[in-house]
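Take a look at the structure set out below.
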Amino acid sequence: MVRKLRVAAAQVGRIDRGAPRADIIARLVALLEQAAAQRVKLAVFPETTFSTFFPRYFIEDDAELSSYFEKEPAEGIAHCESVKAFFDRAKELGVDVAIGYGEETADGQRFNSASYVDSSGRTAGKYRKIHLPGTVEPFSKEPGVTNQLEKRYFTPGDLGFNAFRAPSLKQACGGAKSPIVGQLICNDRRWAEGWRVLGLQGVEIVCIGYNTTAWAPQLWGVDPASMSRDEAYADAMFHHKLVCQSNAYTNSTFLITSARCGVDDGVHPLISGSMIVDPEGHIVAENQTEDDELVVADIDLDACQQGKTKTFAFAKHRRVEMYGRICSQTGVVEPEEPAA
Ligand code: CDV
């Protein structure tokens, strides 16, 4: 059996603080139109796509902070006035989209969220980022410093790691079975736990948008004098590819991962690295620029079966009776030092 599908990572380049929303949406729509012209059925966009990556700033003005959050109605993000133009165009073009955004609920909770909205405008899957990196207090309040204030601005996700079917793609991939899709957001990709929960639901396509700073010595805990900016960028890219390729492989799934990249405000560099990874961990397509770019690949979902039925046939090989510590313990507890 062959379950072929054309998919894309829709990479988005530099977005400065204060960039007009209409300009950003116009760029995202241009990517959608490129996708449709190439008969792409699913396009994955970055984390917090509708603005700059605002958690890097210490923002005291709540009017500004609030402007980065979409007031999502109960019917889903595609019905939210501030971003509706994007979803309306995706529906007209017949493209499924997975996209990240700041979400504000009716009772005022703020999440770092992603929705999978299919080509009929229905939200097929919703995810709220669980692993929030960074700090509550800024490293510095000086302008130009890259903070990572996700713990300040967002509540940790409360929806779990839920895979879902995408029946909108069933016909496109041969009509046998709808693809099984899951979503993670940025820092989640570094944590094997979320991947495995998706893997246990038979996930076949994981969608991940991200904003990964290429220069954040305070966040990493390294001496800024100990590495050049080029070395730091290369290291951030190495770790990005390492976790993406290894977790796609160990869960026998395709991965579509899309960067917000470029140098925001001319001073805050983000890595690129948008790519499509196959279930054996190989990169099948990747970005060529640090700007808006569509990275396209034809994938065969049945390629997931090799890993799912052999090396990572979970039902045959997993030993859950030995994994208790993973769910009962959060931090490290070291073994006792033997008595001298
Ligand atoms: N937006 C993110 O979650 N960024 C993080 C930080 C730590 C750079 C990341 O894991 O890429």
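The values are calculated or read from the model by the stated rules, or taken from the named source; none is laboratory data. This is a predicted model, so every value here is computed, not measured. Heads up, the Cβs are rebuilt from the backbone with ideal geometry, glycines too, and the neighbour counts pull from every protein chain shown.
Some points to look at:
- Sub-6 Å Cβ pairs linking a first residue in region 202-213 that is in contact (Cβ under 8 Å) with a residue 12 or more places away in the chain to a second residue that is surrounded by fewer than 24 Cβ atoms within 10 Å (Cβ to Cβ) and part of a strand (DSSP E or B), at least 6 apart or interchain, are 202/180; 203/180; 204/180, ordered by first then second residue.
- Unique match (being at pLDDT below 95 and under 27 Å from residue 42 (Cβ atoms)) among 241, 170, 177: 177
- Of the residues making up region 233-264, those that are closer than 14 Å to residue 214 by Cβ and not in a helix (DSSP H, G or I) are 259, 260, 261, 262, 263, 264.
- Of all residues in region 27-70 being farther than 27 Å from residue 166 by Cβ and among the small types (Gly, Ala, Ser), the one that is farthest from the ligand (Cβ to nearest atom): 63
- Residue list for region 179-221, restricted to those being in a loop (DSSP other than H, G, I, E, B) and either surrounded by fewer than 19 Cβ atoms within 10 Å (Cβ to Cβ) or under 15 Å from the mean Cα position of the chain (by Cα) (or both): 191, 200, 201, 202, 211, 212, 221
- In region 141-155, of all residues being farther than 19 Å from residue 263 by Cβ and assigned to a loop (DSSP other than H, G, I, E, B), the one that is farthest from the ligand (Cβ to nearest atom) corresponds to 141.
- Selection within region 117-135: residues that are within 15 Å of the ligand (Cβ to nearest atom) and either touching a Gly at 6+ places or on another chain (Cβ under 6 Å) or acidic (Asp, Glu) (or both). The member of this set that is farthest from residue 217 (Cα to Cα) is 128.
- Out of 73, 138, one residue alone is in contact (Cβ under 8 Å) with a residue 60 or more places away in the chain and either farther than 19 Å from residue 261 by Cβ or away from the ligand (no atom under 16 Å from the Cβ) (or both). It is 138.
- Close contacts from region 240-257, counting a first residue that is buried (at least 19 other Cβ atoms within 10 Å of the Cβ) and a second that is aromatic (Phe, Trp, Tyr), with Cβ to Cβ under 6 Å and a gap of 6+ residues or different chains, come to 247/195; 251/195; 252/312.
- Of the residues contained in region 255-264, one or more are found to be within 16 Å of the ligand (Cβ to nearest atom), β-branched (Val, Ile, Thr) and touching a helix residue (DSSP H, G or I) at 6+ places or on another chain (Cβ under 7 Å).
- The residues of region 184-231 that are within 11 Å of the ligand (Cβ to nearest atom), out of contact with any strand residue (DSSP E or B) (no Cβ under 7 Å at 6 or more places or on another chain), at pLDDT 95 or above and not acidic (Asp, Glu), listed by number, are 187, 190, 191.
- The residue of region 121-159 that is farthest from residue 62 (Cα to Cα), among those that are surrounded by fewer than 18 Cβ atoms within 10 Å (Cβ to Cβ), among the polar types (S, T, N, Q) and in contact with a Lys or Arg (Cβ under 7 Å, 6 or more places away or on another chain), is 135.
- Residue match in region 165-174 (condition: surrounded by fewer than 19 Cβ atoms within 10 Å (Cβ to Cβ), within 15 Å of the ligand (Cβ to nearest atom) and over 18 Å from the mean Cα position of the chain (by Cα)): no
- Taken together, 83, 95 contain a single residue that is touching a Ser or Thr at 6+ places or on another chain (Cβ under 8 Å), surrounded by 21 or more Cβ atoms within 10 Å (Cβ to Cβ) and either of a type in the set (Gly, Ala, Ser) or under 20 Å from residue 42 (Cβ atoms) (or both), which is 95.
- 2 or more residues touching a helix residue (DSSP H, G or I) at 6+ places or on another chain (Cβ under 7 Å): qualifying strands (runs of 3 or more DSSP E) within region 1-78: 4-11, 42-44
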